[in-house]
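First up is the structure itself, then whatever we jot down about it.
Every read-out reported here was derived from the displayed coordinates using simple, explicitly stated rules and does not represent laboratory data. Predicted model only: the values in this text are computed from it and were never measured. Every residue, glycine as well, gets a Cβ built from its backbone with ideal geometry; the counts of neighbours run over all protein chains shown.
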Ligand code: LMR
């Protein structure tokens, strides 16, 4: 049977992780995969997570099944983190998932099964796995313009025009904050206009919230989602705890649904759990239990928010430091956009050849599309790195 398979196209982000791991050069710099790093290039276990984990080991008395929705207390705390306290709880439900990607896949499976010919609109550009997940769920894929690669500017009018062509019931995938890969987010007035369009045309917003806390703060980063939730009748959220709790390999996420009323929400939730049962039956517990302990305990929660805020500030400082170093090296303001964008990523505007040259000549690893993980920049090497970037990007 296997002889019929053709070789798989490698995932560009995961492939880069392997190339970096195998590179023997000690000065190598990983600006590829989206993980937070400290000044030493380490991805630390957050202090509150470490303490919650120790407590879990002592307090846990059983490992029996929890069911397809996972840990219900975790689910409620995540709803609060995402929606605050404004949204009617009876219209909301949530299901713990294996990471944010697990949430995306189960939600898109659910939405694709709700009608034949379901269509999901994703931004251009977007996280490369979005298109793959839509295809895996056998939904139709459309894209809407988002950022102009030449100028790094948001294409808001074009985005709105494109979405006017969407049909009622189409799903519109939105990055809740810290757009991946561009770092370009909507401001609140743009969220308002978008919300009106989505509600008016009966489009279904599916919000991917993978970086809450890394843009302008935990509450601020949820403002767009909360604006939507106040107006649209139905929406979905795929949220990840990988980055804001640093529990990447534990696979912790949540799929949330907002329905028109409690009865419809419950029916959709039942269907969602049915999808889960056939795909992976139940989510892994450990990481979500740790997150639940952090969110339930005021002292751990305080530590966690402080550490997350420190991480966020570090990225903001790295952004302005790197933009300043590039300004100095190139004697232009071409890269000033880096300082104004938000979250882990920006696209530097490198061609595939320039990306390869950065890797071969300078051991600097960036995404195939020119995406840089700002959190991977060592502050003490910003000048040296800006020389590498300027020399490669200035050559055609
Ligand atoms: C990324 O965009 O680098 C992260 O979300 C990791 C991944 O799974 O692609």
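Separation between the residue 351 and residue 158 pseudo-spin-labels, each 7 Å from Cα along Cα→Cβ, expressed in nm? Label-label distance for residue 351 and residue 158, simple model: 2.1 nm. The alpha-carbon atoms of region 266-396 define a convex hull whose volume equals 184 cubic angstrom per residue. State log₁₀ I(q)/I(0) for region 65-296 at q = 0.09, 0.10, 0.15 Å⁻¹ as given by the Debye formula over alpha-carbon point scatterers of equal weight, solvent excluded. The calculated log intensity ratios at q = 0.09, 0.10, 0.15 Å⁻¹ are -0.32, -0.40, -0.96. Look at 282, 46 and count the other Cβ atoms within 10 Å of each Cβ; fewest to most, that gives 282, 46. Seen against the Cα atoms of the chain and their longest principal axis, helix 188-200 is set at about 40 degrees.
In whole percents, the pair-distance distribution calculated for region 124-167 from its alpha-carbon pairs, binned every 5 Å from zero, is 5, 21, 24, 21, 20, 8, 2. What's the FRET efficiency of residue 17 with residue 305 using the Cβ-Cβ distance as r and R₀ = 30 Å, to the nearest 0.05? Once rounded, the FRET efficiency stands at 0.55. Note down the nm distance, to one decimal, between modelled labels 7 Å out along Cα→Cβ at residue 196 and at residue 58. Here the modelled spin labels are 5.6 nm apart. Eigen-decomposition of the gyration tensor built on the alpha-carbon atoms of region 322-361 gives equivalent ellipsoid semi-axes of 19, 14, 8 angstrom, largest listed first. Here the simple spin-label model places points 7 Å from the Cα toward Cβ, and for residue 267 and residue 188 these points are separated by 3.6 nm. Centre-to-centre, using Cα atoms only, region 288-359 and region 89-133 are separated by 26 Å. Multiplying the residue separation of residue 141 and residue 230 by 0.36 nm and removing their Cα-Cα distance gives an extension gain of 29.3 nm. Output the antiparallel fraction of DSSP beta bridges having both residues in region 65-296, as a percent to the nearest 5. The antiparallel fraction comes to roughly 45 percent. In a fully extended conformation the segment linking residue 216 and residue 9 would gain 70.9 nm over its present Cα-Cα distance, using 0.36 nm per residue. Taking a point 7 Å out from the Cα of residue 368 in the direction of its Cβ, the residues of region 119-138 whose backbone N falls within less than 18 Å of it are 124-136. Seen against the Cα atoms of the chain and their longest principal axis, helix 12-22 is set at about 50 degrees. Using all pairs of distinct alpha-carbon atoms, the Kirkwood hydrodynamic radius of the chain works out to 21.9 angstrom.
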